[in-house]
Amino acid sequence: RRLEVARALALKPKLLILDEPAAGMNPAEKDRVRELIQQLNADGLTVLLIDHDMRLVMGVCQRIVVLNFGRKIADGAPGTVSNDPAVVTAYLGTHAPKGATHVPGSEEMDIAATPKPAASAEPASPLLDVRDLEVSYGAIKAVRGVSFGVGKGEIVALIGANGAGKSTILNTLSGVLRPHAGTARFGDLDLTTAAPDKIVRAGLAQVPEGREILARLTVRENMELGAWARRDRARAHREIDDLMKQFPILGQRHNLPAGQLSGGEQQILAIARGLLAHPRLLLLDEPSLGLAPQMVDTVFEVIQRIHNEGVTILLVEQNALRALEIADRAYVVETGRILLSGTGATLRRNPEVQKAYLGG
Ligand SMILES: Nc1ncnc2c1ncn2[C@@H]1O[C@H](COP(=O)(O)OP(=O)(O)OP(=O)(O)O)[C@@H](O)[C@H]1O
Ligand SMILES: [Mg+2]
């Protein structure tokens, strides 16, 4: 992202259009993006910022235009727009808490009031067991001795800044990368040596960061790829039909090239595709990346629903607040190491975590 902004600036533009420049960054990193935009603007650059992050938008914009389904529903000063009832409804959708009068983030972070009951410590016999994992890209040590466990039926979150090594950990578990030290076991399968297709067949599926849908294939064809490793083709097709009904967003667009879906719709597609592998453990890498709050709600509801149906979940998220809300336990990853761990509720109250990841 930073590289993209730098590349645009190299052209010495008069008008800079930024489309979600801080997507996937944590609050501290977002603050730096905000400072950068403020500085560029002070130096005389006109900026058109497209974003759903109200903290960022409120912090830098002199004027805000709100779009909803292709229509302009508000246009004015930040203070006026964020209190506009039409904006609040469009922004929060049916999830708006009763009496909500402003868009969350426009004043302060809303720490949700319903934490999960505190779960116990790391499970004694975990479904996924990772010990002293080390992964390098040539000379770059991305993961430096990481250990954690995920018990059957848990939702476990990994949170941490950009470049902390979270995706590297997930890619190692799905067999796409190989560690140079440490162990990773899924049941009795050794993930450090098993081929990726064998790992999928054993019930471990990954929904990768950035969705990785195939843009020119249709929605349906993308889902069929999720069932690739399965032999029960007829049943897989029935499941695809079921998923189309469960996620009308996909059903209504089943014959469209997946590249024509919005980011949020692509995310739902990527998750649905992952489910077709019948995972016992689902690895989700930044499922809410770049999504508007309503769509984030949808994605988190979907995660919760999948979990309720018995799938164990390992979730990597920049949206630490949402991740910690639904996680039984979580680990904070920094520069390739686990810095902190605990229940979702404990970590949400931890001042260090609040400062670094929750914007407080
Ligand atoms: N293919 C690669 N080759 C070389 N270095 C890489 C490669 N992929 C990642 N890295 C480096 O490894 C480190 C960890 O990257 P990783 O993608 O795991 O971070 P992350 O925690 O997922 O970050 P983000 O939140 O930005 O997705 C970073 O320093 C990154 O630059
Ligand atoms: Mg990542």
Check your understanding: Give me the pairs: first residue in region 133-146 and in a strand (DSSP E or B), second residue within 9 Å of ligand 1 (Cβ to nearest atom) and of a type in the set (S, T, N, Q), beta-carbon distance under 7 Å, and six or more apart or on different chains, which are they?
Key -> V135/T168; A142/S136; A142/T168; V143/T168
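Table: residues versus (1) touching an Asp or Glu at 6+ places or on another chain (Cβ under 6 Å); (2) closer than 12 Å to G160 by Cα; (3) of a type in the set (V, I, T).
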residue: A292; (1), (2), (3): no, no, no
residue: D297; (1), (2), (3): no, no, no
residue: G310; (1), (2), (3): no, no, no
residue: I313; (1), (2), (3): no, no, yes
residue: V333; (1), (2), (3): no, yes, yes
residue: A345; (1), (2), (3): no, no, no
residue: R349; (1), (2), (3): no, no, no
Review point. Taking region 280-318 as the search range and keeping residues that are within 14 Å of ligand 2 (Cβ to nearest atom), in a loop (DSSP other than H, G, I, E, B) and touching a helix residue (DSSP H, G or I) at 6+ places or on another chain (Cβ under 7 Å), which one is farthest from I50 (Cα to Cα)?
Key: E317
Exercise for review: For region 177-209, enumerate the residues that are open to solvent by less than 50 Å² (accessible area, probe 1.4 Å) and either under 14 Å from A142 (Cβ atoms) or within 13 Å of ligand 2 (Cβ to nearest atom) (or both).
Suggested key: L177, P179, A181, G182, Q206, V207, P208
Exercise for review: Test each condition in (1) crowded, with 20+ Cβ neighbours inside 10 Å; (2) at pLDDT below 60 for F148 and report the one that comes out false.
Suggested key: (2)
Point to revise | Unmet requirement for L340, which otherwise passes all of (1) within 16 Å of ligand 1 (Cβ to nearest atom); (2) farther than 19 Å from G24 by Cβ; (3) touching a residue at least 24 places away in the same chain (Cβ under 8 Å); (4) of a type outside the set (S, T, Y) | key: (3)
**Study point:** Residues satisfying the stated conditions in region 164-190, i.e. free of Cβ contacts under 8 Å to residues at least 60 places away in the same chain and either in a loop (DSSP other than H, G, I, E, B) or touching a helix residue (DSSP H, G or I) at 6+ places or on another chain (Cβ under 8 Å) (or both)
**Key:** G175, V176, L177, R178, P179, H180, A184, D188, L189
Revision key, fill the gap. Going through (1) in the same structural domain as D328 (by TED's automatic domain parsing); (2) on the phi < 0 side of the Ramachandran plot one by one, A121 fails only at (1)
**Study point:** Failed criterion for S174 (all others in (1) away from ligand 2 (no atom under 16 Å from the Cβ); (2) within 29 Å of D129 (Cβ to Cβ); (3) modelled with pLDDT of 95 or more hold)
**Key:** (1)
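The values are calculated or read from the model by the stated rules, or taken from the named source; none is laboratory data. Since the structure is predicted, the reported quantities are computational estimates derived from the model, not experimental observations. Don't worry about glycine lacking a Cβ; one is built from the backbone with ideal geometry, like all the others, and counts go over all protein chains shown. Side chains are part of the model used for accessible areas, which takes the heavy atoms of the whole protein and leaves out ligands, DNA and RNA. Shrake-Rupley method; radii C 1.70, N 1.55, O 1.52, S 1.80 Å.
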